[in-house]
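Notes follow the structure.
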Amino acid sequence: MAGMDGAATLEGIDEQIEDGIAWLGLSGRDGNRLTASLCAALDAALERAEADAAVACIVLHGADGCFSKGELPSELEELAPQTRALPGAADLCLRIERCSKPVIAALQGAALGTGAELALAAHYRVASPGTRFGLTNHLLGLPPAAGATQRLPRLLGAGPALDLLLSGKAVLLDAAPQAALLDRLAQGPLDEEVRAFCAELRAEGLGPRPSAARREGFADPAEYQRAVAARRAETAKDPNPARREIVAAVEAAQLLPFASGLAFEADAYEDCRASEAGRALRACAAAERSAFEAVPRGLARRGHVAVLGDGPLAVPMVQGLLAAGEEVDWGCDTPEALHAGVIALRDRLGPQTDGDDETSPLERLRVGAPAEMAAAARIVLLAGPGQRAVPIPEDAIRVIAYPARVDGIGLRFAPTPVAPRLVEVIAGPGARADRLAEVEALALRLGKLALRVQSGGESLGGRLFDVLCRAADALVDLGQSPDAIDAACRVWGWRRGPFVRRDQMGLDRLGAQQRGPDAANWASVLAGAGRPGRSGDAGFYDWDAAGKPHASAAVEALLNEKRPAADPMPAARLRALLLAALANEGARMLETGMARCASDIDLVALQVLDLPRWRGGPMHAASELGAAALRKALAEMMHPDREIWAPHPAWQALAAAGGDWDVAAGAGAPTAGRWLSRA
């Protein structure tokens, strides 16, 4: 097949005609992404092939071993309400479906997003084993925009179609139930299978077979409706509107004519694109892409990684490194701790093997005394205090992985090194650029986004958490109830507000957090009154035997003895003030260069503070609120802790310029002139 395995160098359509078959090869960057120009080129190529009397069949295929990975992520991630992604995609799919000659999609590698929708619009589908198929746009708060909600249920039925549309995963086309989408699974070279398939179509006189006319998925109307009803119940309270709209569109596929169903899908797409949740989800995805692209690539593994110490970070850190395929040397002064740690690792890693290799990840682990384990290491991770004096090779990189002063390089995981998606790479005053890049490459091998932070040991997550606690305590100073503040967070989708979270952490750990003049650290006050948090069944809340918190009359009485009475603030104001304080701190971190960009702050806030992704982080929330409104909310906050409430000058500058932090593009401080215009 022409172009099937060649490298895709230029964007366009490779057109070749042989033996009555028009081979139209998608050729584009990063998996034949369907840009507007590539869609236009394919539309024109289809028109030429349809008009050519020498053409009996049209085959769509992709260059470089891949059909198409769909839209460019940046085009979807950065959608503003006044823009529209891929204006020709829906029309292109209709052109394919309405073509007067049979159109065959030759699938291999991946057919994702709009690439999957092109495949569904084709009259027939032939695929190589292992081809992945997926419709994942709802992760960006968007339903499909080119007919997938109408074609897929016609072919598979509501249940399997909704499974594919709502899973957010790419699945194998040669596995049930999606295998029913295929007319042939290739057993040999794909181009030969497609030629044979086209010959069979011509021999049997079979022409176009539009998906719009298919009815297999409607064979059992009652079962179709049961599947829709079940998914409607599951998604009724889903904060992502795209998931609810997908269910409604699949129902419409059964109830409405095809053209009306397409119009229903298009309206749902527009509504979701303009929704608050859709904007937040796209901002989060753009922030992750910005962070991912900032990490250097191509750095080869440079030898063993040593983990020194037996603190709470040690076992999960070793676990993460082994799971990523690293050679790990774990050094500890306490043999008992090493023995217990290896047993814990065996339980956590289970019977895993390294791919086709029958060896266990534990076979890549050595344990012993710290000095011995560090002797052959390229990167040495200090998992706890007391290991800084251990000698390491001259060219090795020493990394401080626990909260402490950092002169060179540090790592900050939260809350454990295994599960979180992000890791902060602390660049201390003495950090070398090449060594920072190598540590960031290690984080990438661990499957994490590495966010570089310029500081002497402070992390973005630590700064944000401290300011959240400080702002929440300020609201209590002003007469507000801890339970009311947490409730204002919960109703917004923020499951763990600042007070329940501190109870879970232990109030005695938080007594050293700084407060401004005449401002109380209420965690310290309650711990001193014998309420240490969840571990003692009493903190800001009373905790029952099932581990559930309940508002405490005793706490309200204690607080009221120490502060003036006040009327309750509306939940929206309580929440807005917490977010404003966080965004204000973000502005300070950007001004000093501690944070690379506003979107990094949002990513850390989502992970460390457990903010809901569909709301975005504090910098995105500030963008939604607007710089002028945020500055006003901060200025009106009459509390003596002015360090956190005094509006940063950036808000005035942004309000005057009519812009906001360029969260999606990852811009820095407004003094750099990088604003996201609201015009």
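Some notes on this structure:
- Failed item, numbered, when Gly666 is tested on (1) in contact with a Cys (Cβ under 8 Å, 6 or more places away or on another chain); (2) modelled with pLDDT of 85 or more: (2)
- Filter pass, Cys99 being buried (at least 24 other Cβ atoms within 10 Å of the Cβ), at pLDDT 95 or above and among the hydrophobic types (A, V, I, L, M, F, W, C): no
- Residue within region 49-56 that is closer than 21 Å to Arg195 by Cα, in contact with a Cys (Cβ under 8 Å, 6 or more places away or on another chain) and of a type outside the set (Lys, Arg) present: yes
- Hey, Ala488 crowded, with 16+ Cβ neighbours inside 10 Å, among the small types (Gly, Ala, Ser) and within 14 Å of Leu609 (Cβ to Cβ) or not: no
Listed here are the residues, each with its yes/no results for (1) surrounded by 24 or more Cβ atoms within 10 Å (Cβ to Cβ); (2) over 26 Å from the mean Cα position of the chain (by Cα); (3) at pLDDT 95 or above; (4) in a loop (DSSP other than H, G, I, E, B).
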position	(1), (2), (3), (4)
Ala105	yes, yes, yes, no
Ala111	yes, no, yes, no
Ala116	yes, no, yes, no
Leu120	yes, yes, yes, no
Leu142	yes, no, no, yes
Ala145	yes, no, no, yes
Thr149	yes, no, yes, no
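- For region 204-237, the candidate set comprises residues that are free of Cβ contacts under 8 Å to residues at least 24 places away in the same chain and either part of a loop (DSSP other than H, G, I, E, B) or in the same structural domain as Trp614 (by TED's automatic domain parsing) (or both); within that set, the residue that is nearest to Leu155 (Cα to Cα) is Gly205.
- Within region 626-648, the set of residues being within 13 Å of Ala581 (Cβ to Cβ), assigned to a helix (DSSP H, G or I) and out of contact with any Asp or Glu (no Cβ under 8 Å at 6 or more places or on another chain) comprises Leu630, Arg631, Ala633, Leu634, Ala635, Arg642, Glu643, Trp645.
- Looking at Leu79, Leu34, just one residue is modelled with pLDDT under 90 and under 16 Å from Ala121 (Cα atoms), and that residue is Leu34.
- Among the residues listed as Val250, Val194, Val171, the single one being surrounded by 20 or more Cβ atoms within 10 Å (Cβ to Cβ) and within 28 Å of the chain's Cα centre (by Cα): Val250
- Each residue in region 369-392 was checked for being surrounded by fewer than 18 Cβ atoms within 10 Å (Cβ to Cβ) and over 21 Å from Val425 (Cβ atoms), and 7 pass.
- Arg282, sole failed condition from (1) under 23 Å from the mean Cα position of the chain (by Cα); (2) modelled with pLDDT of 90 or more; (3) surrounded by fewer than 19 Cβ atoms within 10 Å (Cβ to Cβ): (3)
- Filtered residues of region 29-58 (kept if outside any helix (DSSP H, G or I) and either among the acidic types (Asp, Glu) or farther than 13 Å from Leu118 by Cβ (or both)): Thr35, Asp52, Ala53, Ala54, Val55, Ala56, Cys57
- Test: residue in region 458-478 that is surrounded by fewer than 19 Cβ atoms within 10 Å (Cβ to Cβ), assigned to a loop (DSSP other than H, G, I, E, B) and not aliphatic (A, V, I, L, M): no
- Evaluation of Leu156 against (1) surrounded by 15 or more Cβ atoms within 10 Å (Cβ to Cβ); (2) out of contact with any Pro (no Cβ under 7 Å at 6 or more places or on another chain) (one fails), failing number: (2)
- Among the residues listed as Ala233, Ala196, Ala213, the single one being under 30 Å from Val55 (Cβ atoms) and out of contact with any helix residue (DSSP H, G or I) (no Cβ under 9 Å at 6 or more places or on another chain): Ala196
The values are calculated or read from the model by the stated rules, or taken from the named source; none is laboratory data. As the structure is a computational prediction, the values presented were derived from the model and not from experiment. Here Cβ is always computed from backbone atoms with ideal geometry, including for glycine, and neighbour counts include all displayed protein chains.
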